[in-house]
Ligand code: ATP
Ligand code: MG
Ligand code: MG
């Protein structure tokens, strides 16, 4: 195994362990349960859980659940499943930021008592106006100098539900002229009369992300709090809370660049829009950049982990090519997926010189390199090949079947096309071929046959549906639109092509959901987890055999 490159976070952890600053590292993955996880989250999961595993530490799964209006139990369940599917296990019980609401409230009261927080009655619009901007310092709120007693009273009444949503907020008293906007008296608590999936109706005020995150890290003894770069400007505030509260530990925040992947979107808000507007078949649609989508598409956890390792961890934003992810899944499936044959656009072939009623049981390896045993393919007078493997006027270099030409059937005989039968409109409906009985497992006498095509038995093959997936967007950057447009304008209308009446070799009849295969010459496929069952097989194309995008 190759030692992974020492990215900067690895180096920091290594140094902290070597210097004895920490004897064991504790990381956390802190999703907000407001949607399904996407490939960007996979990077964060691999990083947080991966570092803990690599250095003998632990990683927590903590739901950052301070915004009840957008959160749901369904998302919590899906997130837990995705983390485990990726191959990671959190330390102990799942944690929730809401577990700490009592402690956070008590700390807010301490800040008030210390004269470091106040209740502000400015409306959200007024507050924005008072805040100033990057070139202009803010102005102090007229409520900034309320007495401690008045603040304590108002805050308690906020909690008791006396005021409507948005009427008041609790703010830290820091510096309205600070160049860092996050330090201009940030909000600690908002009034929100909303039912919470964990705490029910206990609270009608909810702490802000900033007031919650660092303290939750401190409570859990997190040593390295790793987040994406957009939180860099929040770090001084993160530290302000830790410096001004009697927290049990002092975690440190480190930032890294988010993962952006071309031809897709990695934002829960946009993914939710695709679901809500019916552009896709749910969060786990195989075209989605969600972990559950990739899973349903046939991706493996190992391929996603390998991808996350390969792209590395840096502090500069970049867009990663989808081809890189596809490379990782091809590599994995090439090594590990059994081979099978499936004819996507069947054309009936009758081998006229093959004895009527005779059947040979041909045995083919399930994998060319790995020992996965054999599969049996009955060969008889009637078989199916793909329509595209016969052409009357072939382009140069065509190595498949042409009138009067020969081709080898994979794992079987060489056949020659003698005659095409057409219907009234001139469409080819059947091929009459003859076979050379002396070509099973050997080269034909006195001539070279270059092409090899796949096939399935006529009677014994099973009908199936095949879904060919392509990229969901036609633009490398889906957000690039005409003025006033939206990323939805760039949806690829051909991102799903459904083929019915396909024919799969008999060994595929027992495929169970999520079983993965290489369909020879066609690509990698998996049995669909929602719709496929014995007797009604549905296969999803995971990825083509080669990178054919744009060709
Ligand atoms: P979104 O914008 O999709 O809603 P988010 O950052 O708000 O993403 P969270 O649920 O808060 O989503 O994310 C949980 C963790 O995953 C955070 O630590 C966040 O920084 C990280 N994360 C989210 N998106 C990415 C990404 N594209 N690349 C790397 N890490 C990410
Ligand atoms: Mg977030
Ligand atoms: Mg978000």
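Tabulated data for the structure shown
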| quantity | calculated |
| --- | --- |
| Criterion violated by residue 94 - all others in (1) closer than 24 Å to residue 249 by Cα; (2) free of Cβ contacts under 8 Å to residues at least 24 places away in the same chain; (3) within 16 Å of ligand 1 (Cβ to nearest atom) satisfied | (2) |
| Any hit, the range 43-64, residues being closer than 24 Å to residue 169 by Cβ and within 16 Å of ligand 2 (Cβ to nearest atom) | yes |
| Lone unmet requirement of (1) modelled with pLDDT of 95 or more; (2) surrounded by fewer than 22 Cβ atoms within 10 Å (Cβ to Cβ) for residue 533 | (1) |
| Residue satisfying all of: in the range 459-491; part of a loop (DSSP other than H, G, I, E, B) and in contact with a strand residue (DSSP E or B) (Cβ under 6 Å, 6 or more places away or on another chain); nearest to residue 386 (Cα to Cα) among these | 461 |
| Hits in the range 34-50 (condition: within 11 Å of ligand 3 (Cβ to nearest atom) and either over 9 Å from the mean Cα position of the chain (by Cα) or part of a loop (DSSP other than H, G, I, E, B) (or both)) | 34, 35 |
| Evaluation of residue 419 against (1) part of a strand (DSSP E or B); (2) in contact (Cβ under 8 Å) with a residue 60 or more places away in the chain; (3) surrounded by fewer than 16 Cβ atoms within 10 Å (Cβ to Cβ) (one fails), failing number | (2) |
| Test: residue in the range 260-269 that is out of contact with any strand residue (DSSP E or B) (no Cβ under 9 Å at 6 or more places or on another chain), within 16 Å of ligand 3 (Cβ to nearest atom) and not assigned by TED's automatic domain parsing to the domain that holds residue 367 | yes |
| Matching residues, the range 440-464, being within 14 Å of residue 505 (Cβ to Cβ) and surrounded by 17 or more Cβ atoms within 10 Å (Cβ to Cβ) | 453, 454, 455, 456, 457, 458, 460, 461, 462, 464 |
| Residue among 233, 210, 217 that alone is within 16 Å of ligand 2 (Cβ to nearest atom) and surrounded by fewer than 17 Cβ atoms within 10 Å (Cβ to Cβ) | 233 |
| Candidate set from the range 422-439 (those that are free of Cβ contacts under 8 Å to residues at least 60 places away in the same chain and surrounded by 12 or more Cβ atoms within 10 Å (Cβ to Cβ)); member that is nearest to residue 341 (Cα to Cα) | 439 |
| Residue within the range 340-357 that is out of contact with any strand residue (DSSP E or B) (no Cβ under 8 Å at 6 or more places or on another chain) and on the phi < 0 side of the Ramachandran plot present | yes |
| Residue satisfying all of: in the range 17-33; part of a loop (DSSP other than H, G, I, E, B) and near ligand 1 (Cβ under 7 Å from one of its atoms); farthest from residue 224 (Cα to Cα) among these | 32 |
| Failed criterion for residue 111 (all others in (1) away from ligand 1 (no atom under 16 Å from the Cβ); (2) in contact (Cβ under 8 Å) with a residue 24 or more places away in the chain; (3) within 30 Å of residue 303 (Cα to Cα) hold) | (3) |
| Lone qualifier among 37, 51 - being within 27 Å of residue 316 (Cβ to Cβ), touching a residue at least 40 places away in the same chain (Cβ under 8 Å) and surrounded by fewer than 24 Cβ atoms within 10 Å (Cβ to Cβ) | 51 |
| Strands (runs of 3 or more DSSP E) wholly inside the range 224-342 containing at least 1 residues that are more than 24 Å from residue 492 (Cα to Cα) | 224-228, 252-256 |
| Residue 188 being crowded, with 17+ Cβ neighbours inside 10 Å, more than 27 Å from residue 36 (Cβ to Cβ), in contact (Cβ under 8 Å) with a residue 12 or more places away in the chain and away from ligand 2 (no atom under 16 Å from the Cβ) | yes |
| Residue in the range 69-77 that is closer than 21 Å to residue 303 by Cα, within 16 Å of ligand 2 (Cβ to nearest atom), in contact (Cβ under 8 Å) with a residue 12 or more places away in the chain and surrounded by 14 or more Cβ atoms within 10 Å (Cβ to Cβ) present | no |
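The values are calculated or read from the model by the stated rules, or taken from the named source; none is laboratory data. Since the structure is predicted, the reported quantities are computational estimates derived from the model, not experimental observations. With ideal geometry, Cβ positions are generated from the backbone for all residues, glycine too; neighbour counts draw on all protein chains shown.
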